[in-house]
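Have a look at the structure below before the remarks.
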Amino acid sequence: MLQEKEQQIFIIRKLNINHNCSMVVRTSDQRQATSSVIGEYIKSKYTNLKIVYKPADILRDMRDDHGIKMSYSKAYRSKVVAQKMVRGKPCDSFSLIPSYLYMPMVANPGSFVKLELKDDNSFFYVFMALNASIKGWEFCIPVIAVDSTFLTLAYGGMLLTAFAQDGNGKIFPLAFSVVDSENDESWEWFMRRIRDAFHMRSNMCIVSDRHESIKNAAIGVFPEASHKSTKQLREAFHGAAKAYMTEAFDYYMKQLDGKCRGLKTYLQAVDYKKWARAHRKNNRHKVMTTNIAESVNSRIKAGKDLPITTLLEYLRKMVQEWSYANMHLPRSTFANLSKGTEDILNDNYIQSLKLVVWFNYVKLNK
């Protein structure tokens, strides 16, 4: 052993120096801030589907709260890791579809579900329509609006949707389907499942965008129903809404009725004075319309990147919540009219209380 004076080991007890390296130098690598570590930290952000937390938000929060500089790709990987921790692996979700589809048939009899597999027994299409939607379709306006939206989950795909409107004018979800893409085969398969679940109604109309595959599927599966794209209906409707003379208004309404019979009755119930220039005494500068399918696509935006089985559960829960709320709404109404109509009458009654009636008395000389 070396003697103490010959040893070359020393210990620093105190160092009086300030660290003056810039933040860029100190955070340029940061290998300790891996996507796994960051994913564990941010996973609570993905427990609530209403919270939209994007990679840009991760970049901002990590920089502002912890001084961590990271690339966009690492932020995206951190998001994927966090979602897997909370929602599971997307690939595992496909194997759960058969058992998941079995439960609505048991717990909610009358529901209609369908799973289509490829020749290699892999996933192809899935369709779901709950019993509440099937039973309620009889009391809806016989106009089905169909649309599609891209899914942002790991394996992509498209979500095909079908909606109607109930007697109170509220959006009524009918069916959902997850397919590989928008093409003739997928839309025809979706339309046939709609016919199997909801059947054909008199004067039924299918409304869609200008996608050629929807037109082909509607003609092939629902030859009795009239199918019109939103462009065709929009031209006739805008013509009626912007017409100055009642003669021109009647001309466009006749066109609209020929394209989709259910719409004229609905627009007449809404009251021409509310949207048609020819029936209004004051000027109406703009006419705004709402596409119910597009509205719901915006509503389900938070669920578009969920694993497929979780997505189906998300849609099922939304439909059941809406059905429950819409079922109890008329039960709390003690009138023969719908809630929307009652609200109009109440508003008109309140406005009538502000009116002043003037009487002119004429004195007659006898």
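How would you classify the range 47-164 from its alpha-carbon gyration tensor, with a ≥ b ≥ c the square roots of the eigenvalues: rounded for a/c under 1.5, else prolate if a/b is greater than b/c, otherwise oblate?
prolate
Expected output is a single nm value to one decimal: the length gained when fully extending between residue 117 and residue 51, i.e. 0.36 nm times separation in residues minus the C-alpha distance. What is it?
Additional length available on full extension: 20.4 nm.
What FRET efficiency do you get for residue 335 and residue 257 if R0 is 35 Å and r is their Cβ-Cβ distance, rounded to the nearest 0.05?
Values: r = 30 Å, r/R0 = 0.86.
Result of the calculation: an efficiency of 0.70.
Which of the pairs 242/339; 50/114; 54/304; 89/215; 43/74; 301/339 have their Cα atoms more than 25 Å apart in this structure?
Long pairs (Cα-Cα over 25 Å): 242/339; 50/114; 89/215; 301/339.
How much of the accessible area of the range 57-173, probe 1.4 Å, is carbon plus sulfur, in whole percent? Walk me through the intermediate numbers first.
On the way: 3330 of 5880 Å².
Carbon and sulfur: 57 percent of the exposed surface of the range 57-173.
What list of ³J(HN,Hα) couplings, whole Hz, do you get for the range 316-321 from phi and the Karplus terms 6.51, -1.76, 1.60, once you set θ to phi - 60° and write x for glycine and proline?
Running phi through 6.51 cos²θ - 1.76 cosθ + 1.60 with θ = phi - 60° gives 4, 5, 5, 5, 5, 5 Hz.
The values are calculated or read from the model by the stated rules, or taken from the named source; none is laboratory data. This structure is a prediction, so every number in the text was calculated from the model and none was measured. No Cβ is skipped: glycine too gets one built from the backbone with ideal geometry, and neighbour counts run over all protein chains shown. In case anyone asks, the SASA skips ligands and DNA or RNA and just uses the protein heavy atoms, side chains included. Shrake-Rupley method; radii C 1.70, N 1.55, O 1.52, S 1.80 Å.
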